[in-house]
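These notes concern the structure reproduced below.
The values are calculated or read from the model by the stated rules, or taken from the named source; none is laboratory data. Computed from a predicted model, the values in this text were never measured in an experiment. Neighbour counts run over all protein chains shown; Cβ positions are idealised from the backbone, glycine included. Keep in mind that these areas ignore ligands, DNA and RNA; they rest on the heavy atoms of the full protein, side chains included. Shrake-Rupley method; radii C 1.70, N 1.55, O 1.52, S 1.80 Å.
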Amino acid sequence: MERDNKAILITGASSEVGVNLIKRIYRDYNTMYLHYGHMNDSLSAVIDEISEATNVICLEADFNISKEVEHMVNDILSGDILPNNIVHISAPPVHNKQFHKEEWEAFDMGWDISVRSVFFILKSLIPTMSKSKYGRIVFMLTSNTIGNPAKFQSAYVTYKYALLGLMKSLSVEYIDKGITVNAVSPDMMETKFLKDVPRLIVEQNAANSPLGRNIRVEEVAPMIEYFLSDNADAVTGQNVGITGGL
């Protein structure tokens, strides 16, 4: 598809993965909708860098608040060009806690930020994609959805599996409309997403990896870029692990 007809929405664009992805793909898009909960220096700098090459529309919304999700979706729908590519990265920081000590609020927050938000986004945008017979949707999941998950992350694993189920369901429902739906599942990356995880666990994960280290952000964005490309027309319903051999 020609660049002039392509628009992308990235949720969680202020994340390390989001910023890295923007740098890689912005030349492919006429319009980029960039969602964030809070603006940071990294996202601000990349917006300044790309704004002369593509139309950037910033969308601030707390996905834990349903009204803010609704307002964001309405802002998108009022635009001249609707996103036909969507990358959903948004998620709360992961934490380690035994299940019997866990609070329901952790499940609830993860559901709101990761699942409910994209439900309303896709419900609003998929009809236009279906009409045009073109769409690309990519979810950021986790290697916990491949094989046995890590211990003490029941909330995180639960809402990521919910997204996996949604991805699988949408992939079979909309492939005949030219819409592909896939997921990328990296192992542990040392980003701000791990701020509530004890450092010892992060170091142990790196030591247990055949690579001898944790996954790097720049190793994840290329797979997302592939799923967004025209080369992936026949690829849908796939959850690709980026695990360093684990």
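A few points about this structure:
- Computed FRET value (nearest 0.05) for residue 41 with residue 133, which takes r as the C-beta separation and R₀ as 25 Å: 0.05
- Nearest 10 degrees, 0 to 90: helix 41-50 Cα axis against the chain principal axis: 30 degrees
- Pair residue 177, residue 67: separation of 7 Å Cα→Cβ label points (nm): 3.0 nm
- Between residue 219 and residue 55, full extension at 0.36 nm per residue minus the direct alpha carbon distance yields a gain of 56.4 nm.
- Cα-based shape type of segment 30-73, given that a ≥ b ≥ c are square roots of the gyration tensor eigenvalues and the cut on a/c is 1.5: oblate
- Each listed q (0.09 Å⁻¹) maps to a log10 I(q)/I(0) for segment 1-144 from the Debye sum over equal C-alpha point scatterers, namely -0.28.
- Applying the Karplus relation 6.51 cos²θ - 1.76 cosθ + 1.60 with θ = phi - 60° to segment 16-23 yields 3J(HN,Hα) values of 4, 5, x, 5, 4, 5, 4, 4 Hz, where x marks Gly and Pro.
- Loop-located GluC sites (Glu not before Pro) in segment 69-167 whose Cβ has at most 12 other Cβ within 10 Å (DSSP): 103
- With Cα atoms, 0 to 90° folded angle of helix 117-132 axis to the chain main axis: 40 degrees
- In segment 30-126, the portion of solvent-accessible area held by carbon and sulfur atoms comes to 51 percent [1.4 Å probe, whole percent, DNA, RNA and ligands not counted].
- Spin-label zone in segment 80-107 - amide nitrogen under 20 Å from a point set 7 Å from the Cα of residue 154 along the C-beta vector: 92-107
- Computed 3J(HN,Hα) for segment 140-154, one whole-Hz value per residue from the Karplus formula 6.51 cos²θ - 1.76 cosθ + 1.60 where θ = phi - 60°, is 8, 10, 7, 5, 5, 8, 10, x, 7, x, 5, 6, 6, 9, 4, glycine and proline marked x.
- Simple label model, 7 Å out from Cα along Cβ direction - residue 204 to residue 101, nm: 1.3 nm
- For the set 100, 95, 35, 71, solvent exposure ranked by accessible area (probe 1.4 Å, protein chains only) runs largest to smallest as 100, 71, 95, 35.
- All other residues whose Cβ lies under 10 angstrom from that of residue 154 are scored, Lys and Arg at +1 and Asp and Glu at -1, for a net of +1.
- Accessible area (Å², 1.4 Å probe, nearest 10) - residue 50: 0 Å²
- Think of a 1.4 Å ball rolled over the protein heavy atoms: segment 46-131 then has 54 Å² of accessible area per residue.
- Mean shadow area of segment 163-246, taken as a quarter of the surface of its Cα convex hull (nm²): 6.3 nm²
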